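Asks: Attaching a single structure in structure tokens format; questions to follow.
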Amino acid sequence: MRRIHVGNALSAFGLGFTVPYLYVYVAQVRDLGAMTASLVLAVFAVAALVVLPFAGRAIVRRGPLPVLLIALGTAAVGSLSLGLAAGSTAVLLSAAALGAGQAVMQPALATMIVDCSTADTRSRAFATQFFLQNLGLGVGGLIGGHLVDPSRAGSFTLLFAVEAAMFLLLVVVMATVRMPRAPKVEGAPAQARGSWKQLLGNRAMVQLCVLGFVLFFACYGQFESGLSAYGVEAAGISTSALGTALAANTAMIVVAQFAVLKFVERRKRSRVIAAVGLIWALAWVTAGYAGLGHGSQTMATAAFVSTYALFGLGEAMLSPTVAPLVADLAPSGMAGQYNSAFALVKQLALAIGPAVGGPMGASLHTPYIVTFLLFSLGITFLAVRLGRQLTPVQNQPSVARSRVVVRGGASTESVRSAA
């Protein structure tokens, strides 16, 4: 598990070096124009949508580790090629390789976490993963920002080389991992062969995928598109204040992640997700005040930064909740299939979210806020509805631990005393 967490941190650190500067690199440094830069960002999403349906079955048949190693190698080649590419075709092909590799890493690493954890430790393991991912992205972006120079293409080549090196280093780290046999998830259906038909027949999983789409569409899909456009156009937020807002989001996650973990672990997962919907609804109301409240510029900036911080609080509550729930809904041995399906839903939402939110946030300010306020309230509704499809243990794993204590009839302290 320690190696897996190191891997998550390294991959996020490498991505942080390049992701914030990809558009500038393609459009300005390589002088390929805004259209090609936009196509590169689209290629990332398309590549993910193409490979993820096959990744789940490969993980089920071959195991997550071999799939992860292939994905890392593909991403390393794509990253290094992107740093050296000068023409449009080479840039787009390199972006496709990098995007495909990154997309497959997510379900592979998530499945490894499932296989190396138990129902008692899974929430904390995914919370740690999310914490390290955000820390790695933040540190990588900070260091990359000091190394990059738009007037020198070589500085960008260095960034992509560092990213490729992180992927290759992760190959070395992961090659030393000895995976345990996949644990059986209590309350899950019997072993299945990994067909999409079987997954679609799982009503709770289908509802969770619908909920996941709304989650990623209404939050993550707006961060760097609709919400930032709304902040600049409606609230008059400066680029430096936008950077502060993004930093506030990351800081909230880093500070709050483990503070909320104990609270989350003792509550029903459906209620935690429902609470996140309400928190994000408050975030959209705060964003509405920033752009439509006619207050001072200082108040508007403070409200906009608070919006991103509230989103971060919701993200910290979701990380130990949603991913473990996907694992607990999967039949034994099919965690890879379910993780890939959920990653596919996420990528679809991240592809559609900016396309819808970007134009709305830039020009239709009031409809934009109202629309995503309603989406956030929809999260609460869908979460409550999902809770009716879950077993008590799936909805609140701590219930199983309580039952074991009651049936055992002896507390931990008494056992220690007897020993």
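Asks: Name the residue that is modelled with the lowest pLDDT, counting only residues in the stretch 200-212 that are part of a helix (DSSP H, G or I), open to solvent by 60 Å² or more (accessible area, probe 1.4 Å) and of a type outside the set (D, E, K, R).
Replies: 200
Asks: Considering only residues of the stretch 377-412 that are in a helix (DSSP H, G or I), of a type in the set (A, V, I, L, M) and open to solvent by less than 60 Å² (accessible area, probe 1.4 Å), which is modelled with the lowest pLDDT?
Replies: Checking each candidate, the answer is 400.
Asks: Would you confirm, using the coordinates I've provided, whether residue 136 is over 24 Å from residue 248 (Cα atoms), in a helix (DSSP H, G or I), of a type in the set (Gly, Ala, Ser) and at pLDDT 80 or above?
Replies: When the stated conditions are applied, residue 136 does not pass them.
Asks: Please specify each residue of the stretch 324-344 satisfying the condition of being open to solvent by 30 Å² or more (accessible area, probe 1.4 Å) and in a helix (DSSP H, G or I).
Replies: 344
Asks: A further question on this structure: Going by what's in this entry, would residue 160 be described as part of a helix (DSSP H, G or I), out of contact with any strand residue (DSSP E or B) (no Cβ under 8 Å at 6 or more places or on another chain) and more than 15 Å from residue 7 (Cα to Cα)?
Replies: yes
Asks: In the stretch 366-376, is there at least one residue being under 24 Å from residue 131 (Cβ atoms) and either open to solvent by 20 Å² or more (accessible area, probe 1.4 Å) or modelled with pLDDT of 90 or more (or both)?
Replies: Among the residues of the stretch 366-376, at least one is under 24 Å from residue 131 (Cβ atoms) and either open to solvent by 20 Å² or more (accessible area, probe 1.4 Å) or modelled with pLDDT of 90 or more (or both), which makes the answer yes.
Asks: Looking at 123, 94, 117, 151 in this structure, which one is surrounded by 19 or more Cβ atoms within 10 Å (Cβ to Cβ), in contact with a helix residue (DSSP H, G or I) (Cβ under 9 Å, 6 or more places away or on another chain) and without any contact (Cβ under 8 Å) to a residue 24 or more places away in the chain?
Replies: 94
Asks: Could you tell me how many of the residues in the stretch 102-156 are farther than 25 Å from residue 179 by Cα, in contact with a Pro (Cβ under 7 Å, 6 or more places away or on another chain) and of a type in the set (A, V, I, L, M, F, W, C)?
Replies: Going through the stretch 102-156 one residue at a time, the tally reaches 0.
Asks: Name the single residue that is surrounded by the fewest Cβ atoms within 10 Å (Cβ to Cβ) among those in the stretch 237-277 being touching a residue at least 24 places away in the same chain (Cβ under 8 Å), part of a helix (DSSP H, G or I) and among the charged types (D, E, K, R).
Replies: Step by step, filter the stretch 237-277, then rank; the result is 271.
Asks: Among all residue pairs at least 6 apart or on different chains, which show Cβ distances below 6 Å where the first residue, located in the stretch 35-52, is farther than 12 Å from residue 22 by Cα and open to solvent by 50 Å² or more (accessible area, probe 1.4 Å) and the second is of a type outside the set (Gly, Ala, Ser) and modelled with pLDDT of 85 or more?
Replies: 49/347
Asks: Would you call residue 302 assigned to a helix (DSSP H, G or I), modelled with pLDDT of 90 or more, more than 21 Å from the chain's Cα centre (by Cα) and buried (at least 23 other Cβ atoms within 10 Å of the Cβ)?
Replies: For residue 302, the condition - assigned to a helix (DSSP H, G or I), modelled with pLDDT of 90 or more, more than 21 Å from the chain's Cα centre (by Cα) and buried (at least 23 other Cβ atoms within 10 Å of the Cβ) - is not met.
Asks: If residue 325 passes every condition in (1) in contact with a Phe, Trp or Tyr (Cβ under 7 Å, 6 or more places away or on another chain); (2) modelled with pLDDT of 90 or more but one, which one does it miss?
Replies: All conditions are met except number (1).
Asks: Just one of (1) open to solvent by 30 Å² or more (accessible area, probe 1.4 Å); (2) at pLDDT 80 or above; (3) over 30 Å from residue 399 (Cα atoms); (4) not acidic (Asp, Glu) trips up residue 197, so point out which.
Replies: Going through the list (1) open to solvent by 30 Å² or more (accessible area, probe 1.4 Å); (2) at pLDDT 80 or above; (3) over 30 Å from residue 399 (Cα atoms); (4) not acidic (Asp, Glu), residue 197 breaks only (2).
Asks: Restricting attention to the stretch 216-226, which residues are part of a helix (DSSP H, G or I) and open to solvent by 10 Å² or more (accessible area, probe 1.4 Å)?
Replies: Matches in the stretch 216-226: 216, 217, 220.
Asks: Another question about this same structure. Got a sec? Which of 2, 30 is basic (Lys, Arg) and touching a helix residue (DSSP H, G or I) at 6+ places or on another chain (Cβ under 8 Å)?
Replies: One residue alone meets the criteria, 30.
The values are calculated or read from the model by the stated rules, or taken from the named source; none is laboratory data. Predicted model only: the values in this text are computed from it and were never measured. Quick reminder, even Gly has a Cβ in these numbers, built from the backbone with ideal geometry, and neighbours come from all protein chains shown. The protein model used for the area step is the full one, side chains on, heavy atoms only, and it has no ligands, DNA or RNA in it. Shrake-Rupley method; radii C 1.70, N 1.55, O 1.52, S 1.80 Å.
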